[in-house]
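Structure, as structure tokens:
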């Protein structure tokens with residue numbers, strides 16, 4: 001009984017690693033250019049489908065496929081930003097919301113037409129079911145551990161990039177004050193392209209890890225956007241490590257809810273999010289620094 | 001010119017049951033419902049700047065309110081349609097206090113999250129039929145023909161009322177306040193507009209209109225399930241209609257709804273391609289000509305059927 005509950009909480013905490021991967025990309029884009037990419041979840045599912053294609057046509061391992069898909073998605077992100085979203089700069093909040101929403105619906109329906117409504121899964125050949133005993137009757141899956149480790153690495157990498165590199169300094173400057181940053185000679189159009197490339201590269205990792213963990217369909221995207229958004233808000237807008245905590249809180253809420261009653265997993269996650277919104281709207285780790 | 005055209009159109013539509021068949025009436029009910037949803041979303045996003053992508057919450061809640069009122073509480077099903085709007089308006093007040101904590105893009109995702117909460121709550125409620133939904137039984141004792149004609153006239157009345165109400169709101173001082181808030185919140189506040197109350201009023205008013213429309217949709221369909229009633233399409237259709245037709249105009253949604261039906265019927269054999277085409281059109285319009293098709297017509301020939309803008313006469 002108790003072991004069962006501890007196990008449920010541990011599973012939820014590890015699930016938080018996956019949600020943090022989704023949340024980081026969303027948060028980065030909002031931090032740098034103040035837009036919310038409503039196609040974020042659908043782009044992750046697109047990446048998962050691209051990995052399926054690479055696995056099936058080239059015979060690659062899903063992790064090897066990720067080495068192809070992540071740069072591809074990053075390139076797509078750069079193009080999307082430079083050719084489409086940058087045209088909407090300075091036109092208010094409405095156009096980016098509507099254009100990314102339109103992209104979300106287009107991606108979903110193209111995936112439906114190309115891959116049908118069947119659910120898919122990426123098979124990494126055993127690691128998804130292997131587990132390690134950690135005392136008592138408790139065992140933790142290798143794959144959720146790996147996901148969490150990758151999430152921590154991505155966050156560390158992002159922190160290093162933002163804190164130390166010149167491009168990170170430019171990102172912070174643009175996040176704080178776009179006009180002044182431009183006056184200082186920062187090419188914000190190129191910078192936005194790089195930020196979107198980074199975001200979609202991370203989203204590709206998230207999508208492939210999702211596809212190994214569970215089955216997905218053309219319609220799996222919107223839930224990913226919602227979970228990412230909820231992790232960002234629970235953790236606190238603009239807090240890099242807050243997304244990890246937000247993801248963990250959301251993950252635990254979902255696994256505990258699902259254990260109480262099978263239909264209540266995702267719903268419990270949403271309700272915890274609403275409770276945080278109601279009682280601590282600044283999130284658990286709100287920071288003055290707004291980037292990522 | 002607008003009034004004469006509208007009057008002629010109305011005469012044709014009122015006489016329709018005399019010569020049209022049941023399927024024509026059903027399609028017109030759907031047309032009016034989508035037009036109503038589009039007008040409501042346009043009022044919310046195009047005029048008040050509240051870009052919600054969770055309006056399916058109120059379509060679904062309106063539909064379920066209709067079933068509960070008519071089937072469980074024994075209220076006349078046709079009377080239940082406007083009453084369902086009151087239910088959704090009442091629910092919109094606490095929801096607004098939550099989602100108004102967000103701005104811009106996060107407001108959009110927040111409204112979507114709320115719609116998902118509504119869907120999952122209803123899908124987990126045994127009395128509402130869980131995931132498989134409910135059938136509206138209260139209308140079956142009525143003769144089929146009289147039910148269809150009453151539904152049609154109810155839809156027609158709703159369509160006219162929506163158009164008139166949106167027009168009057170936008171022509172009023174209140175409508176000016178809304179557009180001021182959309183253009184600059186701090187600016188309108190310094191002019192003495194109560195930003196929170198104005199936004200709350202339009203959000204709740206739109207929830208009422210959307211809920212009534214949702215109830216009408218399910219009076220027409222007779223069968224409701226959580227996945228269909230809370231589908232994102234109830235927001236995607238109006239958004240594409242309004243963006244393609246012309247955001248922030250009253251004529252735009254009319255043009256957009258007509259185009260929507262043309263594309264959908266024209267590509268009805270080709271699966272989801274009509275959504276891809278409409279989505280592509282909407283994105284293209286946003287990028288190239290954000291005033292939409294009606295904006296193109298209005299600026300080319302300077303025609304306005306429902307002029308809500310005020311101009312200084314020379």
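Hey, what did the range A:127-247 get for relative contact order, percent, Cα under 8 Å, at least 6 apart? Contact order relative to length: 14 percent.
For the peptides A:157-164, B:63-70, the ranking by mean Cβ contacts within 10 Å, running from highest to lowest, is B:63-70, A:157-164. Set the Förster distance to 56 Å, then compute FRET efficiency between residue B:76 and residue A:279 from the Cβ-Cβ distance, nearest 0.05. For residue B:76 and residue A:279, the calculated efficiency is 0.85.
Pairs of Cα atoms nearer than 8 Å and 6+ residues apart set the relative contact order; for chain A it is 37 percent. Each label was represented as a point 7 Å from its Cα along the Cα-to-Cβ direction; for residue B:103 and residue A:169 these points are 2.9 nm apart. Only residues of the range B:115-152 count here: report those whose backbone N is under 18 Å from the spot 7 Å along Cα→Cβ of residue B:227, or say none. Inside the label zone: B:116-126, B:128-135.
Of all the options B:117, B:87, B:29, the one that moves most in a Gaussian network model of chain B with Cα springs shorter than 10 angstrom is B:117.
Within chain A, the proportion of C-alpha pairs whose separation exceeds 31 Å stands at 27%. The fraction of Cα-Cα pairs per 20 angstrom bin, counted from 0 for the protein assembly as shown, comes to 19, 53, 26, 3, 0 percent, rounded to whole percents. Multiplying each eigenvalue of the alpha-carbon gyration tensor of the range A:30-111 by 5 and taking the square root yields semi-axes of 28, 13, 9 Å, largest first, rounded to whole angstroms.
Working value for chain B: equivalent-ellipsoid semi-axes of 30, 25, 19 Å, each the square root of 5 times a Cα gyration tensor eigenvalue, largest first. Computed from the C-beta positions of residue B:137 and residue A:223 and an R0 of 30 Å, the FRET efficiency is 0.35 to the nearest 0.05.
Listed by Cβ neighbour count within 10 Å, with the fewest neighbours leading, B:23, A:27 appear as B:23, A:27. Over the range A:1-153, one equal point on each Cα, no solvent: what is log10 I(q)/I(0) by the Debye formula at q = 0.13 Å⁻¹? Those come out to -0.77, one per q.
Placing a label point 7 Å from the Cα of residue A:68 along the Cα-to-Cβ direction, the residues of the range A:113-149 with a backbone N closer than 20 Å are A:114-116, A:120-126.
Taking all pairs of different Cα atoms in the range B:232-314, averaging 1/r and flipping that mean, what Kirkwood radius in angstroms comes out? Across the range B:232-314, the inverse of the average 1/r is 13.4 Å.
Counts of other chain beta carbons within 10 angstrom of each beta carbon in peptide B:50-60 average 1. Each of residue B:165 and residue A:180 was given a label point 7 Å from its Cα along the Cα-to-Cβ line. The distance between the two points is 4.7 nm.
Of interest is the spacing of the C-alpha centroids, which for the range A:232-268 and the range A:107-151 amounts to 18 Å. As a proxy for reagent exposure, B:88, B:190, A:217, B:24 were ordered by neighbouring Cβ count within 10 angstrom, fewest first; the result is B:190, B:24, A:217, B:88. Between the Cα long axis of helix A:142-164 and the first principal axis of chain A there is an angle of about 20°, rounded to the nearest 10.
The label point for residue B:3 and the one for residue A:57, both projected 7 Å from the Cα toward the Cβ, are 6.3 nm apart. For the pair the range A:15-91 and the range B:81-144, the centres of their Cα atoms are 32 angstrom apart. Centre-to-centre, using Cα atoms only, the range B:162-187 and the range B:1-66 are separated by 20 Å. Residues considered: B:256, B:271, B:133. Largest GNM mean-square fluctuation over chain B, using C-alpha springs under 10 Å, is found at B:271. If a spin label sat at a point 7 angstrom from the Cα of residue B:267 along the line to its beta carbon, the backbone N atoms of the range A:63-103 nearer than 16 Å would be those of A:102-103. Just checking the listed ones, B:56, B:173, B:39: in the Gaussian network model of chain B with Cα springs under 10 Å, the one fluctuating most is B:173.
Each principal axis of the Cα atoms in the range A:152-292 has its own extent, and those three values, largest first, are 56, 35, 24 angstrom. Here A:127, A:35, A:105 are placed in order of increasing Cβ neighbour count within 10 Å, fewest first, which gives A:127, A:35, A:105.
Our summary gives chain B a relative contact order of 31 percent, counting only alpha carbon pairs under 8 angstrom and 6 or more residues apart.
Since every read-out is calculated from the coordinates, none of them should be taken as a lab result. All values derive from a computational prediction rather than experimental measurement. Note: ideal-geometry Cβ built from the backbone for every residue, glycine included; neighbour counts use all protein chains shown.
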